[in-house]
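Peer 1: Here it is, the structure in full.
The values are calculated or read from the model by the stated rules, or taken from the named source; none is laboratory data. Computed from a prediction, not measured in an experiment: that's the story for all the values here. With ideal geometry, Cβ positions are generated from the backbone for all residues, glycine too; neighbour counts draw on all protein chains shown.
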Amino acid sequence: MVLNDSQMRQETAASDLAIELRGISKAFGPVQANKDISIRVRRGTIHGIVGENGAGKSTLMSILFGFYRADSGEIFINGKPTEIPDSESAIRAGIGMVFQHFKLVENFTVLENVILGAEDSGLLRPSLARARGLLKDLAREFELNVDPDALIEDLSVGHQQRVEILKALYREADILILDEPTGVLTPSEADHLFRILKGLKEQGKTIILITHKLREIMDVTDEVSVMRRGEMVATRVTAETSPTELAELMVGRKVLLRVEKPPAQPGAEVLRVESLRHVDSQGVERLRGISFGIRKGEILGIAGVSGNGQSELLEVLAGLREAEGKVLLDNEALPLSGAGCDGQARRARRIAHVPEDRQRRGLVMNFHAWENIALGYHHDPRYNPSPWRMNNAAILRDTTGKMEAFDVRPPDPQLKASGFSGGNQQKLVLAREIEYEPDLLLVGQPTRGVDIGAIEFIHQRLIRLRDAGAAVLLVSVELDEILALSDRIIVMFDGRIMGERMPDETNAQELGLMMAGMA
Amino acid sequence: MTALKPLALTASVLALTAGIAQADAPALMFDMGGKFDKSFNEAAYNGAERWRESTGGTYREIEISAEAQRVQFARRLAEAGSDPIVVLGFANEPTLVEVAPDYPDTAFVLIDAVVDLPNVRSVIFAEQEGSYLVGMLAAMATETNTISFVGGMEIPLITAFACGYAQGAKAVNPDINVIVNYTGSTPAAWNDPVRGGEIAQAQFSQGSDIVFAAAGGTGLGVLQAAEDAGLKSIGVDSNQNHLHPGSVLTSMLKLVDQAVYDAFTDGPDMETGVVVMDLAAGGVGYAVDEHNEHLISAEMIDAVEAARAAIIAGELSVHDYRTDSTCPAF
Amino acid sequence: MSSRGKIPHWADVTLVPLFSVALAFALSAVLIWAIGESPWQAVKLMVEGAFGSSYGWGYTLFYATNFIFTGLAVSVAFQARLFNIGGEGQALLGGLGVALICLYIPWPHWSVALIAASLGAALFGAAWAIIPGYLQAKRGSHIVITTIMFNFIAASLLGYILVNVLRVPGSQDPASPRFPSEVALPKLHEMLALVGIPFSTVPPVNIALLIAIGMCFMVWYMLWRTRLGYQIRAFGESEPAAQYAGISPARITIYVMLISGGLAGLMAVNAVMGEQQRLVMNAVEGAGFIGIAVALMGRNHPFGVFLAAILFGFLYQGGAELALWMSIPRELIVVIQALVILFTGALDNMVRMPIARVFARRKRAG
């Protein structure tokens, strides 16, 4: 690896460094998760770490926080060589971690969660009083407003995240690691988080931000390190780099961030939805009268913060949930409950579905790739010469072709679904659903947890399907994705449609407001 | 009939275990409930032990744990040269029908059922007669005019106990209320003292103050429940008076131990045929000892002894439920 | 990174069970030694008694036949992640089916009777399993609870029928009359005699063994070579994915319970028709529960079930020999059997993890 200018400039005095890692390696069996990684994080900066899924970011941070022990290498905290055998040592060394999935006790109050495991003594009262005082100070300084007596289960996701940050600060963390912190936040919540992080930086705290969103890196970090396949490939001063360069470093080749898309040629209306209502098993009304239409050769994007009814809409249309109202496919009503309302019947009507949660719904993780290719299409007569025999060889042949067409790697039909990376799992699902040439494709979060290289491929395939005359209903919480792919955008909030926009007549700010219910 | 190989194996195994038992020593095969069931099987074990202590002889014993082992073990014992072989339980009737003809020189003793073969002694008990007597005692001792019965499984043998018990009680007092319950329908019913105690308590809440348990190990729970409730119980098979002195009114004796002892003593050259262990033969009865003599008055003894004499003399006949599956006292 | 260590498949299906059994035996040896008997002699007795003669083999295979049926029943249900604890009751009802068919229809030849009795056994077992299946599918009643309850109901029902309907008048044994001799199944020694192989005439192992082996193949074929099997496995691996694919959870649950109950019921062909030749209260004698251990140990695969059933057949027959020739109490023999179940079932990971570590180290070194 050749050091470039900015790296040379970083050769600062060791005393300026909050963290220095030298030659960290870690293997899980045959998988080399981290290969000889060295990184220097200067005190009082926000340092971004980007990389595709499986690039080794989380492993590296887990080593830093004492969850794993490195096979080799050294850790220096504030210039001193430090052993971190467990997370307690990490906390003692002043490291705090905010996980992607919060580690909070749902039916405890904020205050109780903050002191949990860090009580001053057997008696809770003094700890609670100290924490209350600290929370008040922090709220004033950093906009870290949280009601100390609220129960966690009553808080929004954004507030829960603040509790995680408060937990780390209560433990006197100087170094704060955040793992994909914005994945669960609305745009405005994310902005708020970044204001908090900047405030913390000004107080002299060091922040490591792990993300795959390049925009966030550009917005808040001072420096950024790029990981690829377990290696640290580059470190850049943020002001001196660009999203394009970072994306290339991550993927190892040139990528198109902007989707090339010819204008849509919409045809006749395929699907008509009229006052659709759905009440879930908990008795909550998830869809409160939804009406819209979608035409041939069109991608209709549905934007919204997760949990506002988009998932339910997708599953109602896919026949997985029962609902009231009217849904017409080619002017013919689709049954919305009882017999004829299941995945099988929908496929018979040429509706394909790429579910939001591919690991739970879209794939059977313990099935081989070829078995997954038959999932939902296991009644296909080509696969079943008779009810008493399934032609596994035919499915296998079919799978080989589909894996090739969708560039699924490794192209091994005998590999179990769990053995593929997120992006290749998604390609497997898409290969299955798209290759049947549906009239309508329902697709949810097509690129969640998918690496940049695969995102590009998946977007191109969706557009190609549209250009072939199919209708695509796209549900995504990634506004960038909605804006890039959609020919028309609907915003959902609280089970209702807030409005419709054309992508070139709107922007992220306007959509963000609508997603928050303010229109 | 038998293949050579198993015989060879048996011989080698016998060589291994030589000294534990001689080839022509008697053997005892327990029924499914297991050796220490505090009841039927254990009574047989006690009889065998009594024989061992008094004669200094040795014997072989085996517990079965699967249906297929009935025939398997009976055969293996016969092949090993055990003689006589005492087999416990009516469930072994088909076992001996199958096995005994193959070993005509070995004497078999079947307890609780009849097999008509020249080398089989069948020992059956007149449980209804003993139950009749304890039923009389219960009817005379009750203060609530309600007595009860806890059986193991609802099978003819146990119903014969219940039927005799009810007949005896009604002979004393035609208006007496007799509650009859059974523990369960699986083999576990013979060894479930907790359930036995629960059933007894339920019967007490219905007014019963004396409970007769004919349920193997389950009966121990029944007896315990009676003591806990300050009420009376009646034991079964062996003399169980000592278990809860003052609470156990008496025990219905079914002298299985005597039958085993006799068989072992008679040895390979025993007389075969049907042996009826009834009141006349002293095979059944009721127990009075230092633990319960204060519970049973002289008048009660007189009444029961009169009935016993009448039964032995043939003047009084106690109906056996097993003959026609009906009971005049129910 | 996965919680389950990576072990090559061959090691998972051979090394792990072998080590588990070895550990169980080691612990059993300590127990036998502790009560003052020779563990070496005990092992020798068990192995010779179960495998040392055609007599021993006969009993081992007879017990194994029972366990193959009940083990398959549990594993088919488990492929759909349904825990069928009701093998015991289903087999009891299967026994009732066999008895009714053998007693009330005059069969000219055992072969016709065998076909009819097999169908009857499977039908009765399936009918008994479909009720919990239906309750789970349509009412959400947990199948573990309902199948357990149905074991008790089956025992009570059988008790009632045996005492009040089938019992030989005058007999005090709650058992059906003996089946007519026409329906006696050919024993293994008769079948082997046809090809000139001598075999002990004593053990009750019979033609049902072949049915059991055939069922292993059929279950394997059904699970991995038919659409129904595909749907069952998909449903078992992931219910949301199965629903997504349009596989009806209710229908699969009911189908699976039908098949599972039918397999459990078939056990009666071996025990009731092949051995006892009459229906007794205790016809199943715990094989329904042993089937759970057999399925666990056989990794829910038909061929694994076959091997595990042989192992448990060995434990039964070897245990019987121990009881006969050594003064080891029956309870200790049950403890030895339980240890094998414990180590192969519950403590699976205790063995798996060290093995996984060894493999991980070898891989890194290699």
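Peer 1: Can you name the condition, by its number, that C:Trp107 falls short on among (1) part of a helix (DSSP H, G or I); (2) at pLDDT below 95?
Peer 2: It fails just one condition, (1).
Residues checked against (1) among the aromatic types (Phe, Trp, Tyr); (2) more than 10 Å from every other protein chain (Cβ to nearest Cβ):
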position	(1), (2)
B:Arg60	no, no
B:Arg70	no, no
B:Phe73	yes, no
B:Glu79	no, no
B:Asp83	no, yes
B:Phe90	yes, no
B:Thr95	no, yes
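Peer 1: Okay, moving on. Go through segment C:189-210 and give me each residue that's within 12 Å of chain B (Cβ to nearest Cβ) and within 22 Å of the chain's Cα centre (by Cα).
Peer 2: Of everything in segment C:189-210, those that are within 12 Å of chain B (Cβ to nearest Cβ) and within 22 Å of the chain's Cα centre (by Cα) turn out to be C:Pro203, C:Pro204, C:Val205, C:Asn206.
Peer 1: Additional query: Which of the residues spanning segment C:298-340 are at pLDDT 85 or above and in contact with a Ser or Thr (Cβ under 6 Å, 6 or more places away or on another chain)?
Peer 2: C:Asn300, C:Val305, C:Gly313, C:Phe314, C:Gln317, C:Leu339
Peer 1: Could you grab me the full set of residues in segment C:286-309 that are within 14 Å of chain B (Cβ to nearest Cβ) and either within 18 Å of C:Gly236 (Cβ to Cβ) or surrounded by fewer than 24 Cβ atoms within 10 Å (Cβ to Cβ) (or both)?
Peer 2: Initially, segment C:286-309 is screened for residues within 14 Å of chain B (Cβ to nearest Cβ), giving C:286-290.
Once the filter is applied, which keeps residues that are within 14 Å of chain B (Cβ to nearest Cβ) and either within 18 Å of C:Gly236 (Cβ to Cβ) or surrounded by fewer than 24 Cβ atoms within 10 Å (Cβ to Cβ) (or both), segment C:286-309 yields C:Gly286, C:Phe289.
Peer 1: From (1) assigned by TED's automatic domain parsing to the domain that holds A:Lys57; (2) modelled with pLDDT under 80, pick out the condition that doesn't hold for A:Glu119.
Peer 2: Going through (1) assigned by TED's automatic domain parsing to the domain that holds A:Lys57; (2) modelled with pLDDT under 80 one by one, A:Glu119 breaks only (1).
Peer 1: While we're looking at this one, here's another question. Out of all the residues in segment B:25-45, is one or more of a type in the set (Asp, Glu), assigned by TED's automatic domain parsing to the domain that holds B:Gly267 and more than 15 Å from B:Tyr261 (Cβ to Cβ)? Can you show your working first?
Peer 2: So in segment B:25-45, the residues of a type in the set (Asp, Glu) come out as B:31, B:37, B:42.
With the extra rule that they be assigned by TED's automatic domain parsing to the domain that holds B:Gly267, the set shrinks to B:31, B:37, B:42.
Going one step further and asking which of them are more than 15 Å from B:Tyr261 (Cβ to Cβ), we end up with B:31, B:37.
Yes, because at least one residue in segment B:25-45 is of a type in the set (Asp, Glu), assigned by TED's automatic domain parsing to the domain that holds B:Gly267 and more than 15 Å from B:Tyr261 (Cβ to Cβ).
Peer 1: Looking only at residues that are more than 16 Å from A:Pro438 (Cα to Cα) and surrounded by fewer than 18 Cβ atoms within 10 Å (Cβ to Cβ) in segment A:329-339, which one is farthest from the other protein chains (Cβ to nearest Cβ)?
Peer 2: Top of the filtered list is A:Asn331.
Peer 1: Something else now. Looking only at segment C:263-300, count how many residues are within 22 Å of C:Gln337 (Cβ to Cβ), of a type outside the set (A, V, I, L, M, F, W, C) and not in a helix (DSSP H, G or I).
Peer 2: Summing the residues that are within 22 Å of C:Gln337 (Cβ to Cβ), of a type outside the set (A, V, I, L, M, F, W, C) and not in a helix (DSSP H, G or I) in segment C:263-300 gives 6.
Peer 1: Looking at (1) within 14 Å of chain A (Cβ to nearest Cβ); (2) in contact (Cβ under 8 Å) with a residue 60 or more places away in the chain; (3) not in a helix (DSSP H, G or I), which is the only condition C:Phe235 fails?
Peer 2: Of the numbered conditions (1) within 14 Å of chain A (Cβ to nearest Cβ); (2) in contact (Cβ under 8 Å) with a residue 60 or more places away in the chain; (3) not in a helix (DSSP H, G or I), the odd one out for C:Phe235 is (3).
Peer 1: Kindly indicate the residue of segment A:346-378 that is touching a strand residue (DSSP E or B) at 6+ places or on another chain (Cβ under 9 Å) and of a type in the set (Gly, Ala, Ser) and also farthest from the other protein chains (Cβ to nearest Cβ) among those meeting that condition.
Peer 2: A:Ala369
Peer 1: Kindly indicate which of A:Gly204, A:Gly307, A:Gly283, A:Gly267 is over 30 Å from A:Leu440 (Cα atoms) and assigned to a loop (DSSP other than H, G, I, E, B).
Peer 2: Working: A:Gly307 fails: over 30 Å from A:Leu440 (Cα atoms); A:Gly283 fails: over 30 Å from A:Leu440 (Cα atoms); A:Gly267 fails: over 30 Å from A:Leu440 (Cα atoms).
On inspection, the qualifying residue turns out to be A:Gly204.
Peer 1: Mind counting the residues in segment C:315-353 that are more than 14 Å from every other protein chain (Cβ to nearest Cβ) and not basic (Lys, Arg)? First the steps, then the outcome.
Peer 2: Narrowing segment C:315-353 to residues more than 14 Å from every other protein chain (Cβ to nearest Cβ): C:339-352.
Adding the requirement that they be not basic (Lys, Arg) leaves C:339-351.
Here the count works out to 13.
Peer 1: OK, next. Please determine, by comparing only the residues of segment C:46-60 that are surrounded by fewer than 24 Cβ atoms within 10 Å (Cβ to Cβ) and more than 7 Å from every other protein chain (Cβ to nearest Cβ), which one is nearest to C:Ser260 (Cα to Cα).
Peer 2: Filtering first and then ranking leaves C:Trp57.
Peer 1: Residue pairs, Cβ under 9 Å, 6 or more apart or interchain, first in segment A:416-430 and closer than 11 Å to A:Pro446 by Cβ, second of a type in the set (Lys, Arg) and crowded, with 23+ Cβ neighbours inside 10 Å. List them.
Peer 2: Correct list of pairs: A:Gln426/A:Arg358; A:Val429/A:Arg358.
Peer 1: Moving to a separate point now. Could you tell me whether segment A:450-459 includes any residue that is surrounded by fewer than 18 Cβ atoms within 10 Å (Cβ to Cβ), more than 21 Å from the chain's Cα centre (by Cα) and assigned by TED's automatic domain parsing to the domain that holds A:Gly297?
Peer 2: No, segment A:450-459 contains no residue that is surrounded by fewer than 18 Cβ atoms within 10 Å (Cβ to Cβ), more than 21 Å from the chain's Cα centre (by Cα) and assigned by TED's automatic domain parsing to the domain that holds A:Gly297.
Peer 1: A:Asp342 fails exactly one of the following numbered conditions: (1) closer than 30 Å to A:Gly401 by Cβ; (2) more than 13 Å from every other protein chain (Cβ to nearest Cβ); (3) touching a Gly at 6+ places or on another chain (Cβ under 6 Å). What is the number of that condition?
Peer 2: With (1) closer than 30 Å to A:Gly401 by Cβ; (2) more than 13 Å from every other protein chain (Cβ to nearest Cβ); (3) touching a Gly at 6+ places or on another chain (Cβ under 6 Å) applied to A:Asp342, the lone miss is (2).
Peer 1: If you don't mind, another one. Could you check segment A:418-519 for helices (runs of 4 or more DSSP H) lying wholly inside it with 2 or more residues that are within 19 Å of A:Arg347 (Cβ to Cβ) and among the charged types (D, E, K, R)? Break it down into steps so the answer makes sense when it comes.
Peer 2: On the way: elements: A:422-434, A:452-467, A:479-485, A:508-515.
The qualifying helices (runs of 4 or more DSSP H) are A:422-434.
Peer 1: Right, here's the next one. Look through segment B:278-303, keep the residues that are under 19 Å from B:Leu255 (Cα atoms) and among the aliphatic types (A, V, I, L, M), and return whichever of them is surrounded by the most Cβ atoms within 10 Å (Cβ to Cβ).
Peer 2: B:Val284
Peer 1: Do we have C:Tyr255 as away from every other protein chain (no Cβ under 12 Å) and buried (at least 18 other Cβ atoms within 10 Å of the Cβ) here? First the steps, then the outcome.
Peer 2: Values: away from every other protein chain (no Cβ under 12 Å): yes; buried (at least 18 other Cβ atoms within 10 Å of the Cβ): yes.
Taking the combined requirement at face value, the residue satisfies it.
Peer 1: Output the residues belonging to segment A:137-169 that are surrounded by fewer than 21 Cβ atoms within 10 Å (Cβ to Cβ) and either hydroxyl-bearing (Ser, Thr, Tyr) or touching a Pro at 6+ places or on another chain (Cβ under 8 Å) (or both).
Peer 2: Within segment A:137-169, just A:Ser156 meets the criteria.
Peer 1: Please work out if B:Thr144 is within 13 Å of another protein chain (Cβ to nearest Cβ) and not in a helix (DSSP H, G or I). If you could, list the steps in order and put the result at the bottom.
Peer 2: Details: within 13 Å of another protein chain (Cβ to nearest Cβ): no; not in a helix (DSSP H, G or I): yes.
The answer is no for B:Thr144.
Peer 1: Something else: Report yes if C:Pro249 is within 14 Å of chain A (Cβ to nearest Cβ), in contact (Cβ under 8 Å) with a residue 24 or more places away in the chain and in contact with an Asp or Glu (Cβ under 8 Å, 6 or more places away or on another chain), otherwise no.
Peer 2: Details: within 14 Å of chain A (Cβ to nearest Cβ): yes; in contact (Cβ under 8 Å) with a residue 24 or more places away in the chain: yes; in contact with an Asp or Glu (Cβ under 8 Å, 6 or more places away or on another chain): yes.
Yes: the conditions hold for C:Pro249.
Peer 1: Going through A:Gly48, A:Gly29 one at a time, which residue ends up being of a type in the set (Gly, Ala, Ser) and at pLDDT 85 or above?
Peer 2: On the way: A:Gly29 fails: at pLDDT 85 or above.
Testing whether each residue is of a type in the set (Gly, Ala, Ser) and at pLDDT 85 or above leaves just A:Gly48.
Peer 1: Please count how many residues of segment A:400-419 are buried (at least 16 other Cβ atoms within 10 Å of the Cβ) and within 14 Å of chain C (Cβ to nearest Cβ).
Peer 2: Going through segment A:400-419 one residue at a time, the tally reaches 3.
Peer 1: Return the residues of segment A:395-421 that are under 25 Å from the mean Cα position of the chain (by Cα) and closer than 20 Å to C:Ala234 by Cα; say none if nothing qualifies.
Peer 2: Within segment A:395-421, A:Leu415, A:Lys416, A:Ala417, A:Ser418, A:Gly419, A:Phe420 qualify.
Peer 1: Still on this model: Among (1) of a type outside the set (S, T, N, Q); (2) surrounded by fewer than 16 Cβ atoms within 10 Å (Cβ to Cβ); (3) in contact with a Pro (Cβ under 6 Å, 6 or more places away or on another chain), there is one condition C:Leu162 misses while meeting the rest; what is its number?
Peer 2: For C:Leu162, the exception is condition (2).
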